[in-house]
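The values are calculated or read from the model by the stated rules, or taken from the named source; none is laboratory data. Since we're looking at a predicted model, the values are computed, not measured. Every residue, glycine as well, gets a Cβ built from its backbone with ideal geometry; the counts of neighbours run over all protein chains shown.
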Amino acid sequence: MKLLTIIGARPQFIKAAAVSREVAKHDDITEVIVHTGQHFDANMSEIFFDQMQIPRPDYNLAINSLGHGAMTGRMLEEIEKVLLTEEPDWVLVYGDTNSTIAGALAAKKLHIKVAHVEAGLRSFNMNMPEEINRILTDRISDILFCPTQTAVVNLRKEGYENINATITNCGDVMYDAALFYATLSKKPNVELPETFILATCHRAENTDDPTRLKAIFRAMGDISADTPIVLPLHPRTRKILAASDIKHDYAHLHLIEPVGYLEMVWLLQHCQMVMTDSGGLQKEAYFFEKICLTMRDETEWVELVEGGFNLLCGASRTRILQNFARARVMHPDYKKQLYGSGDASGKIIAGLLGDSRNQ
């Protein structure tokens with residue numbers, strides 16, 4: 001079986017690496033990795049691939065810094081060329097980026113089977129480009145590898161049992177990755193407080209709205225007066241903050257440069273709790289048994305909210321402070337295994353092999 005994996009963002013490399021480690025156990029599978037270049041990252045050097053034990057891409061399309069339409073169109077064109085050259089049995093796509101929908105669409109138009117990892121997730125916010133990408137990718141995929149039972153239910157509600165697609169709850173490949181990289185974590189090379197909260201803030205809905213950004217940073221400023229907050233600051237967020245009038249509100253935050261994934265895992269292992277507007281970090285907080293305050297109005301990971309692992313705060317200073325007070329006395333049960341048991345990658349490969357052999 002020939003498998004062509006399409007990825008374009010750094011988190012997708014980490015997820016795909018977990019599956020690639022499983023592929024390596026099978027002599028009857030050949031994997032070709034295509035990096036669209038969607039998220040250009042100067043840190044994706046030889047050191048990155050060596051430290052993360054991630055296979056290097058066979059193709060790098062270097063498509064980035066374009067609008068959604070132009071980027072997706074260019075990817076569609078270039079991925080089609082690769083598919084015609086490689087002639088894979090399966091195209092494997094991850095998540096909800098422009099790379100995801102472009103890869104799935106290019107494959108489907110060439111009648112190549114598509115498998116979608118992280119299928120069935122829904123924020124129910126159609127203003128998010130990610131929501132559009134994940135819905136369209138689900139609709140044209142042949143196997144839908146869902147990370148949770150909630151995702152399976154979402155697909156059933158949308159009628160996916162009535163189309164020719166296989167729905168599988170395989171668990172979350174990010175949990176596979178978290179277990180693997182937990183043993184390789186590294187302390188960031190910066191001075192850190194002994195106890196701290198780990199925070200991130202980079203989503204455009206927050207950084208591009210002065211009112212939301214001010215509320216978030218004022219709340220973090222209030223909290224940091226009691227408990228230090230370590231914030232690896234995205235360059236884009238740093239630039240916006242520098243041009244704002246709220247510098248005094250976050251003067252006591254421990255702002256550090258962005259860190260690599262192994263350093264982020266170390267911070268997750270050693271922090272008291274997490275505050276974020278990220279999608280993936282909400283799950284990773286759960287993996288490392290830390291309560292998460294999510295500074296968004298909704299989340300795809302509804303089971304975390306329902307289980308008391310994740311408190312939705314929006315961008316309200318009051319709600320953030322109220323939920324911080326709640327989180328300090330909460331003790332949720334982390335034994336529930338909401339995202340499987342760390343063997344999602346094996347189930348994905350078994351699913352692809354099983355389907356191929358049944359053709």
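Miscellaneous remarks
Every residue, every condition in (1) under 30 Å from SER65 (Cα atoms); (2) of a type in the set (Phe, Trp, Tyr), yes or no:
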site: ILE246; (1), (2): yes, no
site: GLU257; (1), (2): yes, no
site: THR276; (1), (2): yes, no
site: PHE287; (1), (2): no, yes
site: GLU303; (1), (2): no, no
site: CYS313; (1), (2): no, no
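- Test: residue in the stretch 171-179 that is outside any helix (DSSP H, G or I), in contact (Cβ under 8 Å) with a residue 12 or more places away in the chain and surrounded by fewer than 23 Cβ atoms within 10 Å (Cβ to Cβ): no
- Candidate set from the stretch 312-359 (those that are out of contact with any strand residue (DSSP E or B) (no Cβ under 9 Å at 6 or more places or on another chain), among the hydrophobic types (A, V, I, L, M, F, W, C) and assigned to a loop (DSSP other than H, G, I, E, B)); member that is nearest to MET273 (Cα to Cα): VAL329
- Among residues of the stretch 133-150, those that are surrounded by 15 or more Cβ atoms within 10 Å (Cβ to Cβ) and in a helix (DSSP H, G or I), counted: 9
- Among the residues making up the stretch 60-100, those that are of a type in the set (A, V, I, L, M, F, W, C) and either assigned to a loop (DSSP other than H, G, I, E, B) or crowded, with 24+ Cβ neighbours inside 10 Å (or both) are LEU61, ALA62, ILE63, LEU66, MET75, ILE79, VAL91, LEU92, VAL93.
- Failed item, numbered, when ARG56 is tested on (1) surrounded by fewer than 21 Cβ atoms within 10 Å (Cβ to Cβ); (2) out of contact with any helix residue (DSSP H, G or I) (no Cβ under 6 Å at 6 or more places or on another chain); (3) not hydrophobic (A, V, I, L, M, F, W, C): (2)
- Looking across THR72, THR36, one residue alone is touching a Leu at 6+ places or on another chain (Cβ under 7 Å) and β-branched (Val, Ile, Thr). It is THR36.
- Residue check for ALA70: without any contact (Cβ under 8 Å) to a residue 12 or more places away in the chain and more than 26 Å from ALA178 (Cβ to Cβ): yes
- Among the residues of the stretch 4-21, those that are surrounded by 24 or more Cβ atoms within 10 Å (Cβ to Cβ) and either free of Cβ contacts under 8 Å to residues at least 24 places away in the same chain or not in a helix (DSSP H, G or I) (or both) comprise LEU4, THR5, ILE6, ILE7, GLY8.
- Some residue of the stretch 119-129 being within 30 Å of LEU304 (Cα to Cα) and either part of a strand (DSSP E or B) or among the charged types (D, E, K, R) (or both): yes
- Selection status of PRO88, within 30 Å of ASP176 (Cα to Cα) and at pLDDT 95 or above: yes
- Test: residue in the stretch 187-203 that is loosely packed, with under 15 Cβ neighbours inside 10 Å, within 23 Å of the chain's Cα centre (by Cα) and modelled with pLDDT of 95 or more: yes
- Filtering the stretch 208-233 to residues that are in a loop (DSSP other than H, G, I, E, B) and crowded, with 16+ Cβ neighbours inside 10 Å leaves PRO228, LEU233.
- In the stretch 234-269, the residue that is farthest from SER316 (Cα to Cα) out of those that are surrounded by fewer than 18 Cβ atoms within 10 Å (Cβ to Cβ) and charged (D, E, K, R) is GLU257.
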